[in-house]
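Enquirer: One structure, as structure tokens, below. Some questions next.
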Amino acid sequence: MLVNSLNFSATGARNNQLDRIGYFKGENWSVAYILDGLVELTPHFVDCVDSNLKEAFGALGQSISIKILRDLAIEAISNNIVNEGKASIALVISVDDQVLILTAGDTRVYFLKERTRTIDHSRTQELISAGKLNAALLNKNAFRKYLTKRIYKDMDEIELEELIHNEVSEGSMYVICSDGFWSGFDNDEEIYDFNVTTLDSYLDSLSDENLSDNTSVILLEKG
């Protein structure tokens with residue numbers, strides 16, 4: 001399973017902290033997530049989802065299947081939601097050597113060993129996929145804020161992108177991050193080059209004064 005090696009969350013220059021992060025583990029599993037609220041509301045939709053996820057996984061210690069963990073996550077996102085709001089989400093579920101990634105919006109998961117990442121659900125990404133924009137311009141393009149997929153109260157259908165990694169090898173590292181983190185880099189290559197030590201040092205150098213947005217990061221390692 002994946003172990004939480006470090007986590008970081010800062011408000012930045014925003015009035016409110018709308019990022020929510022979590023990590024839970026049992027005998028053979030772990031669940032980690034970052035929620036990024038998209039509108040200034042208090043209390044926010046992310047508070048309901050965060051509370052539901054904590055309730056679902058906080059007391060769940062025994063060995064369990066990846067399907068049950070996925071179903072619990074979907075239920076937490078969709079049931080007993082009373083607050084309005086919208087959010088981007090990245091959720092990483094691991095059981096033994098298998099990892100399931102669920103995403104919606106522009107909260108990303110970077111796979112450092114493979115030097116790849118999840119794909120954003122944004123207007124900018126659509127332009128790139130259609131060959132109308134250079135992929136290198138994604139991080140700074142104004143249309144990246146227009147999300148084509150997100151989670152919110154009273155969704156008709158839960159539409160999360162699902163990606164499965166089988167037989168994850170020891171030493172593999174996964175970085176979950178909100179757009180407040182990745183948008184601070186010119187390209188993905190800078191993020192792929194991080195390890196535990198250098199990422200920890202970089203995060204220590206950050207403060208609310210030099211961050212323009214809520215910024216959250218979790219680094220997971222296969223032990």
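The values are calculated or read from the model by the stated rules, or taken from the named source; none is laboratory data. For clarity, every value in this text was computed on a predicted model and none was experimentally measured. Here the Cβ is made from the backbone with ideal geometry for all residues, glycine too, and neighbour counts use every protein chain on show. SASA here: full protein model, heavy atoms, side chains in, ligands and nucleic acids out. Shrake-Rupley method; radii C 1.70, N 1.55, O 1.52, S 1.80 Å.
Enquirer: Which log10 I(q)/I(0) values does region 94-195 give at q = 0.14, 0.17 Å⁻¹ under the Debye formula, counting every alpha carbon as one identical point scatterer?
Expert: -0.60, -0.86
Enquirer: Work out from phi, with θ = phi - 60° and the Karplus expression 6.51 cos²θ - 1.76 cosθ + 1.60, the ³J(HN,Hα) of each residue of region 55-71, listed in order in whole Hz, and give x for Gly and Pro.
Expert: Ordered by residue, 3J(HN,Hα) equals 5, 5, 10, x, 10, 9, x, 6, 5, 7, 7, 5, 5, 5, 4, 4, 4 Hz.
Enquirer: Out of Tyr23, Tyr192, Tyr202, any idea which swings most in a Gaussian network model of the chain, alpha carbons joined below 10 Å?
Expert: Checking each option, the largest mean-square fluctuation is seen for Tyr202.
Enquirer: Compare Asp204, Asp36 by solvent-accessible area with a 1.4 Å probe and give them largest first, with all protein chains kept in place. Could you put the intermediate results ahead of the total?
Expert: Details: Asp204 115, Asp36 5 Å².
Listed by decreasing accessible area, they come as Asp204, Asp36.
Enquirer: Which percent of the accessible heavy-atom area of the chain goes to carbon and sulfur, probe 1.4 angstrom? Before the final figure, lay out the partial values.
Expert: On the way: 4810 of 10250 Å².
Taking all protein chains in place, the chain shows 47 percent carbon and sulfur surface.
Enquirer: Write down the radius of gyration of region 30-85 and its Dmax, each obtained from C-alpha positions, in Å.
Expert: 12.1, 38
Enquirer: Restricting attention to region 122-223, which trypsin sites (Lys or Arg not before Pro) occupy a DSSP loop and are surrounded by at most 12 other Cβ atoms within 10 Å?
Expert: Within region 122-223, the qualifying trypsin sites (Lys or Arg not before Pro) (loop, at most 12 other Cβ atoms within 10 Å) are Lys132.
Enquirer: Considering the options Tyr110, Ile93, Ser65, tell which one lies farthest towards the positive end of the dipole of region 57-118, charges being +1 on Lys and Arg and -1 on Asp and Glu at the Cβ, about the Cα centre.
Expert: Tyr110
Enquirer: Please work out whether the chain counts as rounded, prolate or oblate from its C-alpha gyration tensor, where a ≥ b ≥ c are the square roots of the eigenvalues and a/c under 1.5 means rounded, while otherwise a/b larger than b/c means prolate and anything else oblate?
Expert: Cα axes put the chain in the rounded bin.
Enquirer: Per residue, how much accessible surface does the chain expose to a 1.4 Å probe? Answer in Å², no decimals.
Expert: About 46 Å² of surface per residue is accessible.
Enquirer: Which of Ile68, Ile101, Ile158 ends up with the largest GNM mean-square fluctuation for the chain, with Cα atoms connected below 10 Å?
Expert: Ranking Ile68, Ile101, Ile158 by mean-square fluctuation puts Ile68 first.
Enquirer: Considering only Leu206, Leu112, Leu102, give the residue with the highest GNM mean-square fluctuation for the chain, with springs between Cα atoms whenever their separation is below 10 Å.
Expert: Sorting by GNM fluctuation, first place goes to Leu206.
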